[in-house]
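Every number here is computed from the coordinates shown, using simple stated rules; none is lab data. What you see is a predicted model; the values in this text were computed from it and never measured. So basically every Cβ, Gly included, is an ideal-geometry build from the backbone, and we count neighbours across all protein chains shown.
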Amino acid sequence: MEISRTKIDGCFAMVPKVFHDERGHFFESFNQRTFNQETGLDINFVQDNQSFSQKGVLRGLHYQKGSSAQAKLVRVLEGEVLDVVVDIRPGSDTYGAVFSILLSAKNNKQLFVPRGCAHGFVTLSDRASFFYKCDNYYDPKAETGILYNDERFGIDWMLPEESLIISEKDRVLPKFTDLVNH
């Protein structure tokens, strides 16, 4: 597994070594020992989640607050998404930075999203199955986010705005400046 740093502190892109033969392919999608050695982190994942989305579905930018904050290891099992991380950790050297990466069933890339970062993705293929491991349990009272099209970040979601399918809950998330001013 090749693990590399991204431009967000504590956020890592991961590419597994894939073994192909006439039967298909095999790869190790996660190894705790390798992850800990390569990242210097000691993460204990406690919950796995999976979603299915059609083309244009945008989920995000989400995070959980306080003691319910979650680090995530995300990947795509079917299709392709643009995955986006925004560092919203006050005091972080990369505070306000945005990182995006294409994750797909073809490239098998994964992304580790550290606690305190907002996260979202948009489905670029006709359909996508998205899978992620979390290091903390879901807490609906701690759930929040940032508006997906906040001008401060200028995120290019790679699809026309009018083709995006966004939940009402995500359409009314606060802008980043509203978060830091409260």
Under unit Cβ charges (Lys, Arg +1; Asp, Glu -1), what dipole magnitude, rounded to 20 debye, does the range 2-180 have relative to its Cα centre? 220 debye
Relative contact order for the chain using alpha-carbon pairs under 8 Å, separation at least 6, rounded to a whole percent? 28 percent
Whole number please: convex hull volume per residue, Cα atoms of the chain, in Å³. 123 Å³
Report the full-extension gain for the segment VAL15 to GLN32: residue separation times 0.36 nm, less the Cα-Cα distance, to one decimal in nm. 4.6 nm
Hz values of 3J(HN,Hα) by residue in the range 69-82 - Karplus curve (6.51, -1.76, 1.60), Gly and Pro given as x: 3, 10, 8, 9, 10, 10, 7, 10, 8, 8, x, 8, 9, 9
As a check on your grasp of the helix formula, calculate [θ] at 222 nm for the chain: sum -39500 (n - 2.57) over DSSP H runs of n ≥ 4, divide by the residue count, round to the nearest 500. -2000 deg cm²/dmol
Under 14 Å from LYS17, Cα to Cα: aspartates and glutamates that are on another chain or at least 8 residues apart: GLU2, GLU28
Trypsin sites (Lys or Arg not before Pro) lying in DSSP loop within the range 1-105, provided at most 15 other Cβ fall within 10 Å: LYS7, LYS17, ARG23, LYS65
Within the chain, longest stretch clear of exposed GluC sites (Glu not before Pro) (DSSP loop, no more than 16 other Cβ within 10 Å): 29-150
At R0 = 22 Å, FRET efficiency that the Cβ-Cβ distance of ASP178 and LYS141 yields, to 0.05: 0.70
Whole angstrom only: what separates the Cα centroid of the range 110-139 from the Cα centroid of the range 1-69? 8 Å
